[in-house]
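One structure is given below, encoded as structure tokens.
The values are calculated or read from the model by the stated rules, or taken from the named source; none is laboratory data. Keep in mind the model is a prediction, meaning the values are calculated, not measured. No Cβ is skipped: glycine too gets one built from the backbone with ideal geometry, and neighbour counts run over all protein chains shown. Each accessible area value is taken on the protein alone, full model and side chains, heavy atoms only, with ligands, DNA and RNA left out. Shrake-Rupley method; radii C 1.70, N 1.55, O 1.52, S 1.80 Å.
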Amino acid sequence: MMPGKGVGMDTAQLDGTRIGRRHLRFDPITDDDATIAAHLEQLSVPALIASVAGLTGDPSLLRTATRPREFLQNEFQGKMTAAELGELRRRALAVVTAWRDAGCPQPPDPSPELIRETMEWINCGPVPDDYAALYAEEMDLAGANPRAIALVGDAVIPPGFSVLIIGLGEAGLLAALRLQEAGIPFEIIEKNDDVGGTWYENSYPGARVDVASHFYSYSFTHADQFSDYYARQPELHRYFRTLMDEFGVGEHVHWGHEVTRAEWDEDAGRWTVTATAADGTQLTRSATVVFAGVGFLNRPLIPDLPGLERFAGPVFHAAAWNHDVDLTGARVALVGAGASGFQIGPAIVDDVAALTVFQRTPQWMAPNPRYHAAVGDGEHWAMRHLPGYSRWYRFMLMLQSSDRMLDLVRADENWPDFPRTANAASAARRQVFANWIADQLGDDPALMAKVTPNYPPMAKRMLQDNGSWLRCLRREHVELVTDPIRDIDETGIRTASGYYDADVIVLATGFRASEMLWPMEIIGRDGVSIADKWNGKPAAYNGISVPGFPNFFIFSGPGTGLAHAGSVMFMTECQMRYTGAALRTLIEGGHRSIEPSEEAYGRYRDRLQAEVSALMWGHPSIEHSWYKAADGNVYVLSPWRSVDYWAMTGTVDPDDHVLNGAHR
């Protein structure tokens, strides 16, 4: 356990734990003009010009007639012509070489006016005030570290005050870094033997993130650590491991222990947490506050397939990949064609003798040429050497993915094509995606019919695609089966259309997403379990806290999953803002516990469900969706715009919370 630290101390004493300006670090430029010019040829010119404007604080490059024409998804040059891009690169080269010749001095902190003007220049139009404030905080171009737990200078952490974090995935690591920075004592219980959570467990072939790496990362880290635009699992795991090691978080972890129970003691004002190791030994810890950082995509769903237990060969879930099984020359049955199956198929197709893919429903694919692409040398150079370049590139990714897709799933039951499409915008986007499929499969109408969904885009999980999935399905030794599985015997799988021999069965069948916090027992005030309170309908105030469960905070909780783009790491940073504000309220106010009121909890739950009901995710026409719980409703997804959730989680509203007693 780390001893508590008064936050009024000299910040130099916290250099080992502070996050500060680390995302703004840069290496001086020593390259010659020709080398710099060659690197600039590979860059996003809008991000380049934004960086150059920040070098000098001079907005003149933003005010010429040559400027971005249109801001589009997965397009990073503003639809400018080659001549226009060349002109802006030449102007940028002059500024960059002059800055190099001056010794690469620290750029001035950009003014709010320059930041706003640059945003609108890239966006090709106005950026609303609330979004501008969100993006400015996310980029943190002045290094103000606005998401730190900023305890007031004379605040004293009470003796015995501590936080216990359950899980060391991306959320648990974020919490640890922020608590360490604030000097708040903490410890972690992790069921695995390493950091990473999802990105430790899901090591199947082809595993990679489907949100751009430079947005699927903490806002306070430098962006030059990714080899691919959409990072693969080993690199993501390495990213988390490097941060854990750099900040010494590992020394706070009880590895290889799975939390089975957490119980609140009202008299003591503390939680008692019990965990079990693989050998059955138990660990019991006590803490003032508990963070549940286990997420909801971490318990594999094993489908009830008749005869599965009879199969003689290896059977394993994608999230528990058996690396001891050699697939070379094997006949593989891949059950599931969702997000995991979509990645596994192309990754193993060259090695197997036969691949049979069993698909319940097809998925919409978004064309993305960068999905498997490596980050170029020029972009690596710019992220290392050009102050602000990586921040503005991140801004472009966030601008592309934040909220612009939400209207596609807004249900208009009066729309003539409903529910095949949700509304006019949905119909237009469907045509784009359908054309992507047709362009690749126009000569194979039977396969095209199998892989083209009959529901609106984004009503189920959208997948990123560079053509690899359909190329895989077209291979001679690959067959896509859409009939339901009838039964399985020792040597294969039977459907209504035939029998399919297999040596190995891979279950790419997803997770028990709606069973939040399962199988842990979380016991709150008066012995009430959170499972009983939810009764199969999980909910939380801001997706984070629940009345009757004081000082208990859930990361990636009910109503926080993303299905309209965005980054889960942005969401967890929002949740950490709210949770940090709650800790400040406890510590600075001398309170023993905090929880939302029943009224605030119910109001938030009802608002969220009303909003969800207006979207396609829970519509009865949408079948076989992991978004839906057993009762057909959706409890895991956020219907909010990212800017709204960011605003909701910025502070603790005292009118919505119950504060109890003094800390003991």
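This table checks each residue for (1) in contact with a strand residue (DSSP E or B) (Cβ under 8 Å, 6 or more places away or on another chain); (2) modelled with pLDDT under 95; (3) in a loop (DSSP other than H, G, I, E, B).
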{"residue": "I493", "(1), (2), (3)": "yes, no, no"}
{"residue": "D532", "(1), (2), (3)": "no, no, no"}
{"residue": "G559", "(1), (2), (3)": "yes, no, yes"}
{"residue": "A582", "(1), (2), (3)": "yes, no, no"}
{"residue": "T585", "(1), (2), (3)": "yes, no, no"}
{"residue": "S593", "(1), (2), (3)": "yes, no, no"}
**Report entry** Filter result (closer than 13 Å to V478 by Cβ and assigned to a loop (DSSP other than H, G, I, E, B)) within the stretch 322-349
**Finding:** A337, V349
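Conditions tested, residue by residue: (1) among the acidic types (D, E); (2) in contact with a Gly (Cβ under 6 Å, 6 or more places away or on another chain).
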residue: G103; (1), (2): no, no
residue: P110; (1), (2): no, yes
residue: E117; (1), (2): yes, no
residue: C124; (1), (2): no, no
residue: V127; (1), (2): no, no
residue: Y131; (1), (2): no, no
residue: A136; (1), (2): no, no
residue: A142; (1), (2): no, no
residue: V152; (1), (2): no, no
Query - Condition broken by R384, with the remaining ones in (1) in contact with an Asp or Glu (Cβ under 8 Å, 6 or more places away or on another chain); (2) within 27 Å of A459 (Cα to Cα); (3) among the basic types (K, R) satisfied - result: (2)
Report task. Tell me, please, whether a residue that is touching a Lys or Arg at 6+ places or on another chain (Cβ under 9 Å), among the small types (G, A, S) and crowded, with 19+ Cβ neighbours inside 10 Å can be found in the stretch 603-623. Result -> yes
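How about the stretch 520-557: which of its residues are in contact (Cβ under 8 Å) with a residue 12 or more places away in the chain and polar (S, T, N, Q)? Let's see the steps before the verdict.
Applying the first criterion (in contact (Cβ under 8 Å) with a residue 12 or more places away in the chain) to the stretch 520-557 yields 520-526, 528, 530-531, 533-534, 536-557.
Listed by number, the residues that qualify are N542, S545, N551, S556.
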Report task. Mind counting the residues in the stretch 350-362 that are crowded, with 19+ Cβ neighbours inside 10 Å and either assigned to a loop (DSSP other than H, G, I, E, B) or hydroxyl-bearing (S, T, Y) (or both)? Result -> 4
Report summary line: Sole miss for L470 among (1) out of contact with any Leu (no Cβ under 9 Å at 6 or more places or on another chain); (2) over 21 Å from P314 (Cβ atoms); (3) not in a loop (DSSP other than H, G, I, E, B) is condition (1)
Report task. Can you tell me which residue within the stretch 430-442, out of those that are at pLDDT 95 or above and either over 28 Å from H619 (Cβ atoms) or of a type in the set (K, R) (or both), is nearest to the chain's Cα centre (by Cα)? Result -> R430
Requested in this report: Go over the candidates T274, T242, T260 one by one and state the one that is open to solvent by 70 Å² or more (accessible area, probe 1.4 Å) and not in a loop (DSSP other than H, G, I, E, B).
Outcome: T242
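Mind counting the residues in the stretch 21-65 that are surrounded by fewer than 18 Cβ atoms within 10 Å (Cβ to Cβ), over 24 Å from D377 (Cα atoms) and free of Cβ contacts under 8 Å to residues at least 40 places away in the same chain?
Narrowing the stretch 21-65 to residues surrounded by fewer than 18 Cβ atoms within 10 Å (Cβ to Cβ): 21-22, 25, 27-28, 30-35, 37-38, 41-42, 56-60, 62-65.
Those still in the list that are over 24 Å from D377 (Cα atoms) too: 21, 56-60, 62-65.
Filter again for free of Cβ contacts under 8 Å to residues at least 40 places away in the same chain, leaving 58, 60, 63-65.
Number of matching residues: 5.
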Query raised in the report: Which of (1) open to solvent by 50 Å² or more (accessible area, probe 1.4 Å); (2) at pLDDT below 95 is the odd one out, the single condition G143 does not satisfy?
Result: (1)
Query raised in the report: Within the stretch 635-660, can you find the residues that are of a type outside the set (G, A, S) and farther than 21 Å from P596 by Cβ?
Result: R641, V643
Requested in this report: Could you list, in sequence order, all residues of the stretch 195-215 that are among the aromatic types (F, W, Y), under 20 Å from G566 (Cα atoms) and not in a loop (DSSP other than H, G, I, E, B)?
Outcome: W199
Report summary line: Condition set outside any helix (DSSP H, G or I) and not polar (S, T, N, Q), scope the stretch 561-580, selection most open to solvent (accessible area, probe 1.4 Å): answer is L562
Query - D377 vs. criteria surrounded by fewer than 20 Cβ atoms within 10 Å (Cβ to Cβ), closer than 28 Å to N298 by Cα and among the acidic types (D, E) - result: no
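So, in the stretch 496-525, of the ones that are assigned to a loop (DSSP other than H, G, I, E, B) and small (G, A, S), which residue ends up surrounded by the fewest Cβ atoms within 10 Å (Cβ to Cβ)?
First pass over the stretch 496-525, keeping only residues assigned to a loop (DSSP other than H, G, I, E, B): 496-497, 502-503, 508-510, 512-520, 524.
Filter again for small (G, A, S), leaving 496-497, 502, 508, 510, 513-514, 524.
Numbers: A496: 8, S497: 11, A502: 24, A508: 22, G510: 22, A513: 21, S514: 22, G524: 22.
So the residue we want is A496.
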Report task. State yes or no: is F226 closer than 30 Å to A373 by Cβ and of a type outside the set (D, E, K, R)? Result -> yes
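Do the conditions hold for N551, that is, is it out of contact with any Pro (no Cβ under 9 Å at 6 or more places or on another chain), among the polar types (S, T, N, Q) and open to solvent by 20 Å² or more (accessible area, probe 1.4 Å)? Before you say what the answer is, go through the steps one by one.
Details: out of contact with any Pro (no Cβ under 9 Å at 6 or more places or on another chain): yes; among the polar types (S, T, N, Q): yes; open to solvent by 20 Å² or more (accessible area, probe 1.4 Å): no.
No.
Give the residue that is most open to solvent (accessible area, probe 1.4 Å), with candidates limited to residues of the stretch 336-349 that are touching a helix residue (DSSP H, G or I) at 6+ places or on another chain (Cβ under 7 Å) and of a type outside the set (S, T, N, Q). Spell out the reasoning first.
Within the stretch 336-349, the subset touching a helix residue (DSSP H, G or I) at 6+ places or on another chain (Cβ under 7 Å) is 340, 342, 344-346, 349.
Keeping just the survivors that are of a type outside the set (S, T, N, Q) gives 342, 344-346, 349.
Values: F342: 8, I344: 0, G345: 0, P346: 34, V349: 7 Å².
Filtering the stretch 336-349 for residues that are touching a helix residue (DSSP H, G or I) at 6+ places or on another chain (Cβ under 7 Å) and of a type outside the set (S, T, N, Q), the one most open to solvent (accessible area, probe 1.4 Å) comes out as P346.
Could you say which residue among I189, I184, I165 is touching a Phe, Trp or Tyr at 6+ places or on another chain (Cβ under 8 Å), touching a residue at least 12 places away in the same chain (Cβ under 8 Å) and not in a loop (DSSP other than H, G, I, E, B)?
Details: I189 fails: touching a Phe, Trp or Tyr at 6+ places or on another chain (Cβ under 8 Å); I184 fails: not in a loop (DSSP other than H, G, I, E, B).
None of the others qualify; the one that does is I165.
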Query raised in the report: Within the stretch 534-557, how many residues turn out to be within 19 Å of the chain's Cα centre (by Cα) and not in a loop (DSSP other than H, G, I, E, B)?
Result: 2
Report task. Could you please give the count of residues in the stretch 363-376 that are under 12 Å from Y230 (Cβ atoms) and part of a loop (DSSP other than H, G, I, E, B)? Result -> 7
Query raised in the report: Looking at the stretch 634-664, which of the residues that are in a strand (DSSP E or B) and of a type outside the set (A, V, I, L, M) is modelled with the highest pLDDT?
Result: H657
